[in-house]
Structure formats: structure tokens, C-alpha cells
1. Does segment 324-331 contain at least one residue that is buried (at least 22 other Cβ atoms within 10 Å of the Cβ) and in a helix (DSSP H, G or I)?
2. Please indicate, with yes or no, whether at least one residue in segment 149-169 is among the polar types (S, T, N, Q) and closer than 25 Å to Leu346 by Cβ.
3. I'd like to check something: does segment 217-232 contain any residue that is farther than 30 Å from His276 by Cα and either assigned to a loop (DSSP other than H, G, I, E, B) or under 22 Å from the mean Cα position of the chain (by Cα) (or both)?
4. So for segment 303-314 (the condition being out of contact with any Leu (no Cβ under 8 Å at 6 or more places or on another chain), more than 23 Å from Gly94 (Cβ to Cβ) and of a type in the set (Lys, Arg)), does at least one residue qualify?
5. Can you spot a residue in segment 116-139 that is surrounded by fewer than 24 Cβ atoms within 10 Å (Cβ to Cβ) and part of a helix (DSSP H, G or I)?
6. Would you mind stating whether Gly143 is in a loop (DSSP other than H, G, I, E, B) and surrounded by fewer than 18 Cβ atoms within 10 Å (Cβ to Cβ)?
7. Given the options Lys221, Lys155, Lys176, name the one that is at pLDDT below 95 and either assigned by TED's automatic domain parsing to the domain that holds Gly84 or surrounded by fewer than 15 Cβ atoms within 10 Å (Cβ to Cβ) (or both).
8. Do we find that Pro354 is of a type outside the set (Ser, Thr, Tyr), out of contact with any Gly (no Cβ under 7 Å at 6 or more places or on another chain) and more than 26 Å from Asn209 (Cα to Cα) in this structure?
Amino acid sequence: MNPSNWIWIRKDRSVTLGRLVATCVVVLLAVAGRATAQLPVERHGDIVPRDVREMYDRGLQYLATTQTTNGDWTDGQQGPGCTGLALMVFLASGEDPNYGLYSNQVRRAIRSIISAQSAETGILGTSMYHHGFATLALAEAYGAVDERNLWPDNKGPRTIGQALELAARAAVTSQKKNPNSAWRYSPDASDADTSVSGSVLVGLLAARNAGIEIPDEAIDKAIGYYRSMTSSNGSVAYSGGMGGFGESAARSSIATLVYALARRKDLKEYKAALGHISEQLEQPTNAYPEYTRYYQAQALFQGDVAAWEKWNKLLVRQLKQAQRPDGSIPGQFGASLGTSMSLLALALNYRFLPIYER
């Protein structure tokens, strides 16, 4: 993993409408005796700890006040991938994305992402890192954001669904051209790495979850690439063929997550990677901490809830100390990106994003 080469290089409030609706749904389903089958407990979880809510709210306010009128953030690395991660922070809060407190920020971010998409190639931004995270954000927004309120005078270049389908097709096209059946920084690259590939593959899996048709072959070949890069002890190589594994909680977390989201928990590589990160919960992360937290939270939640709960308590303490008075959480690639990735690691406590379902 080498995000330094990214071409992004890139209050305790009252119940909101979104949470009120979710609560009513749970109650009604419980009365009907169908709550367990139709609305998994893991989706909404228990009461969110006050520390988490307060940190999340302060972070939301920071992102809301630093967003530009164009819908992006410019206090560090920037581009549709960064904008997509911030968009998911708003979507994960439980606020109504159409009429809630941050609905204007949601619409501006989506317009920014779609405007950054090439109409010819479908690529979002200047690298496949951007493309992957922006595709994921579009998939999470698809079906949740009312298109009628998205573009002034309904004169946008394309709908969320059209942009998502175009982005998914572009990712599959890029993969077909790659000898490794995976992805690197450029959509035309002849090599691949497990970091860039993770962002793109999770975006494709989210698009499939949102109803976009993704060829099984594309998912199977990408999983095959990760299998070839996962060692028997659960460490995961960065790029190239077998070898060069080294220690990286981020890469092992990415592999664990893509295996889980692709529903391949039966694989020995999945079990090895999950075991690898579960055994190192208390070890400090020195390289790309906010990036690692973002993936580690999801990987542990998908694979080992007890380990996630233990790790989550450590995370809350760490981020409580790191958060600044203005609500930002510093990171190596700027305050907005650091805040976004850190809050998304906390967002597993809310579990409103479809990609966070188990």
C-alpha cells in the first residue's frame, strides 16, 4: 500500500427524521413478529455511545462548514474520491439526505462527483483510487437521494443511477485490460496493487448491492487476484506476484473486507487475513493511520464482532484525543480527508450505510 502516490496526489441532538423512520420500522416489524428476518439487528445496533455521537456531530459540522460551493473540499488532497468519502460521512449519520440538516451538503457533493466523471470513459477523477471511492459513494447514495432535488432546474449531466452504471462499466473495462485482473492508478495500467484494487472492488460490490449488474466473472477474477496476494499467515502483498508480503494492517484489512463483501468467507485466505488482523488489535498503526482505521473497522465488523467491539473502544479513545476543537481529525492527506476516513471508521456504530450491513 502506498497512498502517498495517490493522484488525489488526492451535542447530543434530538432524533432526526431518518432515525425516527428507522425506529418506527423496527417497532412495526417487531409487532408483526418479523423484525429479525427483515431488519437485522446489526443494521441499527444498540444505542450509540454519547462520546461517539458527540465526536461524529462535531466532525459533521466541520465538513459542512468547509465544503466549497462546488461541493468538494480543498484543505488537503481533493477530487471525487475524497468528496465521495465525505459524502458517505453525511449519509452514515442517519440524517435524512433529502430534507435533513445536511441535505444541501449531500446534494452539492453528489453534483461534484458526477460532474467530475468523464462522459466518454466513465472514469471518475484522475486515478482509480478516486474512481473506486467515488463509485462507492454513488452506490450508497443511489436510491436514498431524491433525484428531483439534485440538480437545479433538473439540468444535470446524468442521474445518480446513470453515473453509477457508467462508473461500474468503466471499472470492469479497466480490469479486462489488466493482466492481473485487478487495478492500479491508471485505468490502462498493466500492473496492479491490493490498495487501489480494494477501493475499486468495494465500489463494484456496493454497486452490485445497489442493483447494478456486475459480471460474476469480474468479481471472481478480482477475488482470485487477492487470493494470490494473501499468504498463509494472513499478510497481504502490495503489488506484483507472490512475495513481498511484509506487515500491513491496512492491506490485510482490505483483503478481509473484499472477501467478506464478495461472500467468500469460506476461503482459507479470508480466515487467515481475518485472524491476522484480529490478533493485532492493540498494536499501534504507524503508517497511514486514518486509511488503516477506515478498512480495519469494516473488516473486523464483517468478520469478528467481538474483536470489533474491543477495537472500537480503543478507536473511540484515540479519536477523542485526536479531534480538534473545530471538529476536524488531522490526517496525512489533510484535515477533511482525515476527518472523513476517521468518522467512517466510527460510523459502524450507526450502521446506516448499506455497505455496513452484514
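1. The answer is no; no qualifying residue exists.
2. No, there is no match, as no residue in segment 149-169 is among the polar types (S, T, N, Q) and closer than 25 Å to Leu346 by Cβ.
3. no
4. No, every residue in segment 303-314 fails to be out of contact with any Leu (no Cβ under 8 Å at 6 or more places or on another chain), more than 23 Å from Gly94 (Cβ to Cβ) and of a type in the set (Lys, Arg).
5. no
6. yes
7. After applying the criteria, what remains is Lys155.
8. no
The values are calculated or read from the model by the stated rules, or taken from the named source; none is laboratory data. This structure is a prediction, so every number in the text was calculated from the model and none was measured. Note that each Cβ is placed from the backbone with ideal geometry, even for glycine, and that neighbours are counted across all protein chains shown.
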